[in-house]
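**Student:** The following block contains the structure, expressed as structure tokens.
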């Protein structure tokens, strides 16, 4: 496992990858990241040696410049089949747009051949997303447009949506 610390304008991200793809992108206080976690060392603006990490850095650089970075680098999402289906749906939410937990639940239910699915169950799976920003769980909001649920903290969710210029009209 290789990793680096990405310093963005809204907070530091730990970025980890195995030989298959990204396994974690999450906000972390710099002080909370141990040297053992940083096998490739701090990013400090340099491109990491690992190909997947280099792709992640380029993607994040574009994203934090306020532009749509396009397709995400390879990911290696580890979780239950249900969670993976939820995360697959999240990956289809376009940059600069949002959807609701209920809409995600409806799509996952359809994928699983079920009539309906609990939005709360979907919310639990969304909250376990290990690859923040790239698997855009921040784009899922409450049915009334409220900012609810973000495992790293609502302040990050709001900042990410503002970076994408999401306004009430874009929902």
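**Student:** Computed over the Cα atoms of segment 67-112, what is the convex hull's projected area averaged over all directions, in nm²?
**Tutor:** Details: hull surface 14.9 nm².
Value for segment 67-112: 3.7 nm².
**Student:** While we're looking at this one, here's another question. Can you work out D for segment 54-171 in µm² s⁻¹ from Stokes-Einstein, where Rh is the Kirkwood radius over C-alpha pairs, the temperature is 37 °C and the viscosity is 0.692 mPa s?
**Tutor:** Working: Rh = 14.5 Å.
Taking Rh from Cα pairs, D becomes 226 µm²/s.
**Student:** Working out 0.36 nm times the residue gap between residue 110 and residue 62, then minus their Cα-Cα distance, what length gain in nm do you get to one decimal? All intermediate terms of the calculation are to be shown ahead of the outcome.
**Tutor:** Numbers: separation 48, 0.36 × 48 = 17.28 nm, distance 3.34 nm.
Here the answer is 13.9 nm.
**Student:** Pull out the extension gain between residue 1 and residue 97, defined as 0.36 nm times the separation in residues minus the alpha carbon to alpha carbon distance; nm, one decimal. Walk me through the numbers on the way to the answer.
**Tutor:** Working: separation 96, 0.36 × 96 = 34.56 nm, distance 3.25 nm.
Fully extending the segment from residue 1 to residue 97 adds 31.3 nm.
**Student:** Take the alpha-carbon centre of segment 130-149, take the same for segment 48-105, and report the distance between them in whole Å.
**Tutor:** Computed from Cα coordinates, the inter-centre distance equals 12 Å.
**Student:** Sticking with this one: Taking 0.36 nm per residue of separation and subtracting the Cα-Cα distance, what length does fully extending residue 143 through residue 19 add?
**Tutor:** Numbers: separation 124, 0.36 × 124 = 44.64 nm, distance 3.82 nm.
In short, 40.8 nm is gained.
**Student:** Each label point is 7 Å from the Cα along the Cα-to-Cβ direction; what then is the distance between the points at residue 88 and residue 49, in nm?
**Tutor:** Label-label distance for residue 88 and residue 49, simple model: 3.7 nm.
**Student:** Among 100, 80, which comes first, second and so on when ranked by fewest other beta-carbon atoms within 10 Å?
**Tutor:** Working: 100 19, 80 10.
In increasing order of surrounding Cβ atoms, one gets 80, 100.
**Student:** Can you compute the helix-only [θ] at 222 nm over the chain? Use -39500 (n - 2.57) per DSSP H run of at least 4 residues, normalise by all residues, nearest 500 deg cm²/dmol.
**Tutor:** My calculation for the chain gives -9500 deg cm²/dmol from helical runs alone.
**Student:** Highest first, please rank the peptides 87-96, 125-134, 102-111, 13-22 by the mean number of other Cβ atoms sitting within 10 Å of their residues.
**Tutor:** Numbers: 87-96: 16.2, 125-134: 21.7, 102-111: 18.2, 13-22: 20.2.
In descending order of packing, they fall as 125-134, 13-22, 102-111, 87-96.
**Student:** Rounded to the nearest 5, what is the percent of antiparallel bridges among the DSSP beta bridges in the chain?
**Tutor:** Details: 11 of 15 bridges.
Around 75 percent antiparallel, to the nearest 5.
All of the numbers you see were taken from the coordinates with simple rules; none came from a lab. If you're wondering where the values come from, they're calculated on a predicted model, not measured in any experiment. Cβ atoms come from the backbone with ideal geometry, glycine included; neighbour counts cover every protein chain shown.
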